[in-house]
1. Take the residues in the stretch 85-109 that are touching a Leu at 6+ places or on another chain (Cβ under 9 Å) and not small (Gly, Ala, Ser), then tell me which one is nearest to GLY9 (Cα to Cα).
2. Would you call TRP70 modelled with pLDDT under 95 and of a type outside the set (S, T, N, Q)?
3. When residues of the stretch 44-53 are filtered for being crowded, with 16+ Cβ neighbours inside 10 Å and more than 19 Å from PHE66 (Cβ to Cβ), how many remain?
4. What pairs come up if the first residue lies in the stretch 126-151 and is free of Cβ contacts under 8 Å to residues at least 12 places away in the same chain and under 11 Å from ARG63 (Cα atoms), the second is of a type outside the set (A, V, I, L, M, F, W, C) and surrounded by 12 or more Cβ atoms within 10 Å (Cβ to Cβ), and their beta carbons are under 7 Å apart, counting only those six or more places apart or on different chains?
5. Pull up the stretch 115-173, narrow it to residues that are of a type in the set (D, E, K, R) and part of a loop (DSSP other than H, G, I, E, B), then point me to the one that is surrounded by the most Cβ atoms within 10 Å (Cβ to Cβ).
6. When you check VAL109 against the structure, is it touching a residue at least 40 places away in the same chain (Cβ under 8 Å), in contact with a Gly (Cβ under 7 Å, 6 or more places away or on another chain) and within 30 Å of ASP35 (Cα to Cα), yes or no?
7. If you go through the stretch 89-100, how many residues are in contact with a helix residue (DSSP H, G or I) (Cβ under 6 Å, 6 or more places away or on another chain) and surrounded by fewer than 19 Cβ atoms within 10 Å (Cβ to Cβ)?
Amino acid sequence: MGRETFVTGVEQFFEEDELIVSKTDLKGRMTYVNDMFLQISGYSEQECLGKPHSMIRHPEMPRCIFGLLWETVMDGREIFAYVVNRCKNGDHYWVNAHVTPSRNGAGTVIGYHSNRRVPDRTTLESVIIPLYKDLLAQEQKFSNRKSGLEASSKMVADMLRERNLEYDEFIANL
């Protein structure tokens, strides 16, 4: 994978009135991070700018959720998603992310903007964490990463179909 993915199992928290913000270019390289992003992630601005946003990806975050996220924003739509991120020191923090395409004056998508808020703890513990554990377990059943991603993506699609919901409706109704 090329990046260190050690984890400590220690969760970091931020306050209800704090907002984690980052912006990326079309390739997912960070072009802006706010002070709260730097504070909770443990990285400096210099370590972030120009680097892939995936540098804070936690190894226990199901790849299919990121696939859904990228598919949605690349299609020019916004998405809300629960995400677990990894701090520089291996700690982690949960967020409720709102990711939107950024557009220039002509309406062309030029990058992506993400605001992250404190997630609802009850929803996180009762729905999201168990779901993500199941999705990750499905992904890990396969030695071929692509096959694992396809299998977990199918799990999400089947769950949404059973509930007759789109992903954004599922998240909004939690």
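1. The extreme case among them is TRP94.
2. Spelling it out, TRP70 is indeed modelled with pLDDT under 95 and of a type outside the set (S, T, N, Q).
3. Here the count works out to 0.
4. GLN140/GLY148
5. Filtering the stretch 115-173 for residues that are of a type in the set (D, E, K, R) and part of a loop (DSSP other than H, G, I, E, B), the one surrounded by the most Cβ atoms within 10 Å (Cβ to Cβ) comes out as ASP120.
6. Judged against the criteria, VAL109 is a match.
7. 0
For (1) modelled with pLDDT under 95; (2) basic (Lys, Arg); (3) in contact with an Asp or Glu (Cβ under 6 Å, 6 or more places away or on another chain), each residue gets a yes or a no:
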residue	(1), (2), (3)
THR5	yes, no, no
VAL10	no, no, yes
PHE13	no, no, no
ASP25	no, no, no
ARG29	no, yes, no
TYR32	no, no, no
GLU45	no, no, no
LYS51	no, yes, no
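The values are calculated or read from the model by the stated rules, or taken from the named source; none is laboratory data. Quick caveat: nothing in here was measured; it's all calculated off a predicted structure. Using ideal geometry, Cβ is built from the backbone for each residue, glycine included, and neighbour counts are taken over all protein chains shown.
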